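Heads up: the structure comes next, in structure tokens.
A short reminder: the numbers here are calculations on the coordinates, not readings from a lab. The structure presented is a predicted model; accordingly, all values stated were derived computationally and were not measured. Please note: Cβ atoms are built from the backbone with ideal geometry, for glycine as well, and neighbour counts cover all protein chains shown.
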Amino acid sequence: MALAGSGGSVNIGTSNKVAEIAEWTLNLSAEDIDVTSFDSQGWRDRLVGIREWSGSFSGNLDPSDTSGQSSLFTSFANGTPISLALRVNDDNQFTGSAYITGLSVETPVTDKVSFSCDFVGTGELTVTLTDSSGSSGSSGSSGS
């Protein structure tokens with residue numbers, strides 16, 4: 001079943017919603033370790049190595065968002081991780097600690113002032129996915 005993106009949000013911690021966000025992207029990847037040997041019988045053998053997650057989000061700049069957008073600038077300036085919750089809706093989310101690696105403000109003369117943020121996760125990403133009937137689909141963490 002498809003989900004509408006209109007229920008999404010980006011939160012700092014569990015309750016501080018970052019204002020005016022219009023979209024977010026989450027990327028998960030893992031190192032590919034080649035362990036092919038003469039014993040592999042002509043087929044490449046692989047292991048999964050270190051996993052990582054990163055992403056970005058963007059929307060309208062809101063200088064009055066002191067517990068959301070301003071917190072991201074503070075985290076970036078101090079080089080400290082921040083707790084992020086990327087929510088699809090009230091039941092489905094991805095949470096973890098991340099470093100802010102880039103912030104951008106675009107101010108075109110003919111359009112709105114926009115804001116974007118890039119981040120990289122540090123440590124495990126927790127994935128909570130629940131189907132529409134209320135039963136857990138894949139709940140837990142990416143590290144399992």
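With a/c under 1.5 counting as rounded, go ahead and sort the range 3-55 into rounded, prolate or oblate using the C-alpha gyration tensor (a ≥ b ≥ c being the square roots of the eigenvalues; past the cut-off, prolate if a/b is larger than b/c, else oblate). Could the numbers behind the result be given before it?
Details: a/c = 5.74, a/b = 3.43, b/c = 1.68.
In terms of gyration-tensor shape, prolate.
Go ahead and set up a Gaussian network model of the chain, Cα springs under 10 Å, then flag whichever of L26, L47, L72 fluctuates most.
In the Gaussian network model the winner is L47.
If packing is taken as the average number of other Cβ atoms within 10 Å across a peptide's residues, how do 87-100, 53-66 rank, most packed first? Show your work: numbers first, answer last.
Working: 87-100: 18.1, 53-66: 16.3.
The densest-packed peptide leads the list: 87-100, 53-66.
For a test of the definition: using alpha carbon positions, the gyration tensor, and the 1.5 limit on a/c, classify the chain as rounded, prolate or oblate. Before the final figure, lay out the partial values.
Working: a/c = 2.26, a/b = 1.63, b/c = 1.39.
Because a/c hits 1.5 or more and a/b exceeds b/c, the chain counts as prolate.
Nearest 20 debye, what's the magnitude of the dipole of the chain about its Cα centre given +1 on Lys and Arg Cβ and -1 on Asp and Glu Cβ? Show your work: numbers first, answer last.
Working: 6 positive and 17 negative charges, 36 e Å.
The dipole of the chain has a size of about 180 debye.
Exactly which trypsin sites (Lys or Arg not before Pro) in the range 1-64 are in a DSSP loop and have at most 13 other Cβ atoms within 10 Å?
Working: sites: K17, R44, R46, R51; in loops: R44.
Here the trypsin sites (Lys or Arg not before Pro) that fit, given the DSSP loop and packing criteria, are R44.
Quick one: grab the alpha carbon gyration tensor of the range 44-112, order the square roots of its eigenvalues as a ≥ b ≥ c, and give me rounded if a/c is under 1.5, else prolate or oblate depending on whether a/b is larger than b/c. Don't skip to the answer; put the middle values down first.
Numbers: a/c = 1.89, a/b = 1.86, b/c = 1.02.
Prolate.
Name the most mobile residue of F119, F38, F76, meaning the one with the largest mean-square fluctuation, in a Gaussian network model of the chain with Cα contacts below 10 Å.
Fluctuation is largest for F38.
In nm, to one decimal, how far is the F73 label point from the F38 one, both placed 7 Å along Cα→Cβ?
6.3
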